[in-house]
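Enquirer: So that we are looking at the same thing, I have put the structure below in C-alpha cells.
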C-alpha cells in the first residue's frame, strides 16, 4: 500500500502517471518530499505495481533526472533500492538506481 496522504506527486507516481508527475514537478513540486512515513516519489515508483515494467523504468529514470535522491531512507530505514528489490523493480530499475549513486 502506498502512503500518499494528499501528496499529489506520490499519487501520480504510484499510479504510473508520468505526464502528471512531469506537470507537478514543472509546477514546483519537490521531488524529494516525503510523506508521513518518509516515502518519496522515487520510493513510490520503485514499489508500485505497473502494468508495464518499461513504464516503471521510465518513471524512475525521469525522477532521477529531476534530482531524486536514491539514498534517502524512509522511517524504517529503507531506500529506493530496497523498495525496488522488495517490490519487483527488476534489473533495469536497480541498474538505474545504482548508476545514480544508490548505496
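Enquirer: Assuming residue 61 fulfils every condition listed in (1) buried (at least 16 other Cβ atoms within 10 Å of the Cβ); (2) more than 12 Å from the chain's Cα centre (by Cα) apart from one, which condition is it?
Expert: (2)
Enquirer: Hey, another quick one. Can you give me the number of residues within segment 64-73 that are assigned to a helix (DSSP H, G or I) and surrounded by fewer than 15 Cβ atoms within 10 Å (Cβ to Cβ)?
Expert: Total meeting the criteria: 1.
Enquirer: For segment 33-55, give me each residue that is over 9 Å from the mean Cα position of the chain (by Cα) and within 21 Å of residue 79 (Cβ to Cβ).
Expert: Within segment 33-55, 33, 34, 35, 36, 37, 38, 49, 50, 53 meet the criteria.
Enquirer: Also: Would you confirm whether or not segment 4-17 contains a residue that is more than 19 Å from residue 79 (Cα to Cα) and outside any loop (DSSP other than H, G, I, E, B)?
Expert: yes
Enquirer: Turning to a different aspect of this structure: With (1) surrounded by fewer than 17 Cβ atoms within 10 Å (Cβ to Cβ); (2) at positive phi as the list, and residue 76 as the residue in question, which single condition is left unmet?
Expert: (2)
Enquirer: I've got another one for you. Every residue in segment 18-38 that is in a loop (DSSP other than H, G, I, E, B) and closer than 18 Å to residue 96 by Cβ, please.
Expert: Across segment 18-38, the qualifying residues are 31, 32.
Where a number appears in this text, it was derived from the coordinates with a stated rule and is not lab data. Predicted model, so just to flag it, every value in this text is computed and none were measured. Every residue, glycine as well, gets a Cβ built from its backbone with ideal geometry; the counts of neighbours run over all protein chains shown.
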